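Please treat every number below as a calculation from the coordinates, not as lab data. Please read all numbers here as calculations on a predicted model, not as lab measurements. Neighbour counts run over all protein chains shown; Cβ positions are idealised from the backbone, glycine included.
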Amino acid sequence: MSILETKIATDIESYLKEHENKQLLRFITCGSVDDGKSTLIGRLLHDSKMIFEDQLAAIKKDSKKSGTTDGEFDLALLVDGLQSEREQGITIDVAYRYFTTDKRKFIIADTPGHEQYTRNMATGASTADLAIILIDARYGIQTQTKRHSFIAKLLGIKHIVVAVNKMDLMDFSEDVYENIKKEYLSFAKEIGLSEDITLIPMSALNGDNVVDVSEKTPWYKGETLLHLLENIEIESDRDLVHFRLSVQYVNRPNLDFRGYCGTISSGVISVGDAITVLPSKKSSKVKEIVTYDGNLNYAYAQQAVTLTLEDEIDISRGDIIVKSDEQPDSADAFDVNIVWMSEEPLLKNKQYFIKRASSLTVGSIEKFYYKTDVNTLEKQSANLLNINEIGYAKLDLESSLAYDSYIKNKAMGSFIIIDRVTNNTVGAGMIVQKSDEASKAKHSEFTPFEVELNALVRKHFPHWQSREIF
């Protein structure tokens, strides 16, 4: 039994207490088929001692059965759990794994490399702080390398690690690494991917430069992958200025308590702060900030809290609570980027449910500006979007929506598209800006009576909450 297993078995409360306050880093691995994404994650899990002995024994047995590594221990099987994945030696679904070190907690999303699973990659990237893009040193930059880099940029991932993998098959050649580095940085500049980019030569199979510095790359003076993951700065990525909380649940356990529950997507809130509720624009002040561990004087982004207010005002699921002096803009027409995920194409003027956080409305695409061929970066004219295609379009909504651009606030600027018949999620979108065209006149102003009536309808008839009466 490992030291970690012993500690968990003998003193679980101490172990949990030690790790509960560690910072969490979410990251994805992506790239072309067979670049070694699952093997890399398996290596991280194995070398950070996050595999139990019974898991290790089962993987060794399955390694012999699958035959993908000539009977040797196949690290990829730690992640590829579907039978079809193991049979084909590829990743199909997004696999999420958790591990921890002394410095940080991690959630990994292992995303597929095949083009037909690009939508799965976009799903995994939507909550990631960092992306690891693997490149097979034998083949260099491939089409999927470019596709996944483009999607990482589109989804606002601020930290990119390019893992030049399988360097052992190229005799750890510095020239091979430098050529790939030069080509990738040139491509990144071309697509505007100017965020933090780090390249690391490695062998995921053998562990070179993954956890420990490899003696086989004396010419590489940078960090190992794990050291970078443990120390990269992500605090500054969060918006601590503009307070936004989407109400997920109204908590009313008794007559003396009414709280509004949700996870703070950005900003900081303190007891006594003046707040405004959107869309009703009713105002009050924060009376209490309630959490499971007790009341707080202030709370900040990514904390789950319950707010109580000094005044009794009507607030429903889907409403947005903001600071009164930091209110977002509102509109019912947006220019948006869309990643389409359905076999049925996205059509102009067809109505879909548009879900942003816990709010729901109805919308349709009025026009497509273009779609992007991520293989050539060419902008092409479009009248529809097919599965895995990415487009830039104008989205019209039935009701006005308070928003921030996606690049400013992911939670306030992202949405999913839901088919009204099947109730399936068919697309994901990011708000770029309010459309130049004026919002619909019927939504420009509501009388106080109309505002109250709309709020009552949303409260008592949840299935109508996406519609305005006037």
Distance (nanometres) between label positions extended 7 Å along Cα→Cβ at Q248 and H227
3.8
Filtering GluC sites (Glu not before Pro) in the range 326-429 by DSSP loop and by at most 10 other Cβ atoms within 10 Å leaves E343
Using the Karplus equation 6.51 cos²θ - 1.76 cosθ + 1.60 (θ = phi - 60°), what ³J(HN,Hα) coupling, rounded to whole Hz, does each residue of the range 370-385 give in order, writing x for Gly and Pro?
5, 10, 9, 7, 6, 6, 10, 6, 7, 8, 10, 5, 8, 10, 7, 10
Projecting each Cα onto the charge dipole of the range 142-280 (Lys/Arg +1, Asp/Glu -1 at the beta carbon, about the Cα centre), which of V271, W219, T145 comes out farthest on the positive side?
V271
List Y292, Y392 from most exposed to least, where exposure is judged by having the fewest other Cβ atoms within 10 Å.
Y292, Y392
At a 10 Å Cβ-Cβ cut-off, how would you order H159, H227, fewest neighbours first?
H227, H159
Under a 5 Å amide H to amide H cut-off, with H placed in plane at 1.01 Å, what residues pair with H159 once short-range neighbours are removed?
A131
How large is ³J(HN,Hα) for each residue in the range 160-167, as worked out from phi by the Karplus curve 6.51 cos²θ - 1.76 cosθ + 1.60 (θ = phi - 60°), to whole Hz, x for Gly and Pro?
10, 10, 9, 8, 7, 8, 6, 5
Could you tell me the distance between the Cα centroids of the range 218-274 and the range 133-182, to the nearest Å?
31
If we sort 144-150, 331-337 on the protection proxy, mean other Cβ atoms within 10 Å, highest first, what's the order?
144-150, 331-337
With the cut-off at 29 Å, tell me which of the pairs K348/K434; K153/K367; K189/K350; K282/K434; K105/K285; K153/K182 have Cα atoms farther apart than that.
K189/K350; K105/K285
Considering amide H positions built from the backbone, and no H for Pro or chain starts, which residues 5 or more places from V268, or on another chain, come under 5 Å of its amide H?
F243
Sorted by Cβ density within 10 Å, fewest first, the residues W219, W340
W219, W340
Between R104 and residues 5 or more places away or on another chain, the pairs with built amide H atoms under 5 Å apart involve none
Over 19 Å [Cα-Cα, the range 215-334], rounded percent:
53
Could you go through the range 130-135 in sequence order and give the Karplus-derived ³J(HN,Hα) for each residue, using 6.51 cos²θ - 1.76 cosθ + 1.60 with θ = phi - 60°, rounded to whole Hz, and x for Gly and Pro?
8, 10, 9, 9, 8, 10
